Every structure is written in structure tokens, then in C-alpha cells.
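Only one structure is covered here, and it is reproduced in the block below.
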Amino acid sequence: MSDLLPISAFSRATLLSANTLRSYHESGLLEPAVVDPRTGYRSYRATQLGDATLIKQLRDLDVPLADIRAVLAARDPAVTRRVLATHRERISAQQQRLEQILDATDELLAEPAAATPLAVTERTLPPARAVTLTAEVREADFAPFLHEAYAKLRAMAPVASGPLGALFPAEFSDDPAPVTAFVPVDTGDEVLAGGRFAVAEFVGPYRSMSAGYRALGAWLAGAGFGIAGRVREYYVTGPGDGVPEEDFRTEICWPIESLEN
């Protein structure tokens, strides 16, 4: 007696639709035992019910198909644990991101004025000496890089002559880009260039600081200026000052030059 199940019966037994089973076949995830060469009709062995059940369980957890394929190929509990541990870390990171989005949404609901463009002023900044540390950094890694950099710079220069700051490329990039953390000091080896700057003072958590950049962009569009170099952030009040995030103060400074010839 054949132990084959037609796709309709296999679909009912596994609670996987025929379309889903066809998709798994095409991706090489769960290939039928027999495919009728004339009709293309698929049949499965009873022993494949376990694999189908495992696939359904993992897909219900949003485990990627490539990871499920690795689990089925290895048939090793250690591989399964490793795949699930990695997936859990990925989901945890997504959850943190969603919580940040919800927090930012709640902040805007509580204070819609936070979405209103900030005032931008022109300011002339003098050259300033500083100790610096530069690395190629992605946006997602800005905070940990700056935290570590400031610890090192503070050890080099325990007395600062102004607020901590950072320099970022004039053009935003999804790829790693040079970021410079700096601590202003009277005897620093590096000199931060002075000149004309457009400045927006942002008050609030760093995750919402894009409002300051939008304000500067809108101002720049109507003022006839371009960005003349690396943009600068001064962390006037921040994590080490014993204030809540909503009271953090950051000065975002764009060096500017006239676009007129």
C-alpha cells in the first residue's frame, strides 16, 4: 500500500494551503515525494508530515525561510537552538525599535508643537581647540561610538572648556562614514574651524533630533546658503547632567556659505 498523500489531503493534515505547499516546493523547502509528470500533481509521504509541521511552527514565529532550510538540512538540535537564538535577538531588536516609535508617537501626541519647525539663527563661531577621536560609523552605532569615545577623551582631557560635541559628514549616508567626537579644551591639538553657522537648538531626546535637521534644511532652502563643511552637534545638556531625556539640549550647527557667485 502506498504511503502517499495527495496534496489536498496533505494540506488538510498540515493546515498548510496548497498554494503555500507549492511555494515551499518551488523554494526547495519542502519538495513533494512524487510529481506527476503529466499533470504536475503533487503527492507527499506520511513521513513528511513532521517536516511540514516544523515548517509551519517556525513560519508562525516569522523565522526566515533560509533559516528554516538550515534547520531541516542539519536535523541537529544544536543548529535549531542557534537559529532560534539568532531569530530571538532579531525580534528583540525589532521590538525595541517599535517601542522607540511608540514612545516618539506618544511624545508627539502629548506635545504636537514638537513637530513644529524650530527657530534657526545665524551665528559666527570662533575657531576652538579640542581633543578628538574619529572612526567610520553607521548611524545605528553613533550612540555607542560617542559614549566610548567620550570616556577615552575625558581621560585625556579631564577639564573641558565647553560642551562635548561631534562632527558628522555634510551628506548623510547609509554606509559607515567618518564621525569625530570632540571635547573642547584650551590646549587641544586639533582646531575646530570657525565661521558662519546656521544653528538650531533642539530640546528633547536624541531619537527625535531629526526635527532640528528638518528645520535647518527648510531654513537653508530659503536663505540662499549651502553647507560649507562637516555639520556639528554640541551636547549642551545630556545624559551626564542628571536631567530627563525630554530636557536634553543639543545645538545643531551647520557651517554655511553663500550660493551666489
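The values are calculated or read from the model by the stated rules, or taken from the named source; none is laboratory data. Here the structure is a predicted model, which is why all the values come from computation and not from measurement. Here the Cβ positions follow ideal geometry from the backbone for every residue, glycine too, while neighbour counts run over all protein chains shown.
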Which is over 18 Å from the mean Cα position of the chain (by Cα), in the same structural domain as T134 (by TED's automatic domain parsing) and not in a strand (DSSP E or B), of A170, A211? A170
Contact list please: Cβ distance under 6 Å, first residue in the stretch 88-106 and aliphatic (A, V, I, L, M), second residue assigned to a helix (DSSP H, G or I), pairs at least six apart or on different chains. A104/S208
Any hit, the stretch 202-217, residues being within 18 Å of T124 (Cα to Cα) and surrounded by fewer than 19 Cβ atoms within 10 Å (Cβ to Cβ): no
Note down all Cβ pairs under 8 Å where the first residue falls in the stretch 25-39 and is in contact (Cβ under 8 Å) with a residue 24 or more places away in the chain, the second is β-branched (V, I, T), and they're at least six residues apart or on different chains. L29/I55; L29/I68; L30/I55; P32/I7
Scan the stretch 45-93 for residues that are of a type in the set (S, T, N, Q) and either surrounded by fewer than 11 Cβ atoms within 10 Å (Cβ to Cβ) or touching a Gly at 6+ places or on another chain (Cβ under 9 Å) (or both) and jot them down. T47, S92
How many of the residues making up the stretch 17-44 are within 20 Å of R75 (Cβ to Cβ) and surrounded by 12 or more Cβ atoms within 10 Å (Cβ to Cβ)? 9
Residues in the stretch 235-242: is at least one more than 22 Å from F172 (Cβ to Cβ), among the charged types (D, E, K, R) and at pLDDT below 85? no
Subset of the stretch 176-208 [assigned to a strand (DSSP E or B) and within 24 Å of D247 (Cβ to Cβ)]: A181, F182, V183, P184, F197, A198, V199, A200, E201, F202, V203
Quick one: in the stretch 145-167, of everything that is part of a helix (DSSP H, G or I) and under 21 Å from the mean Cα position of the chain (by Cα), which residue is nearest to E201 (Cα to Cα)? L146
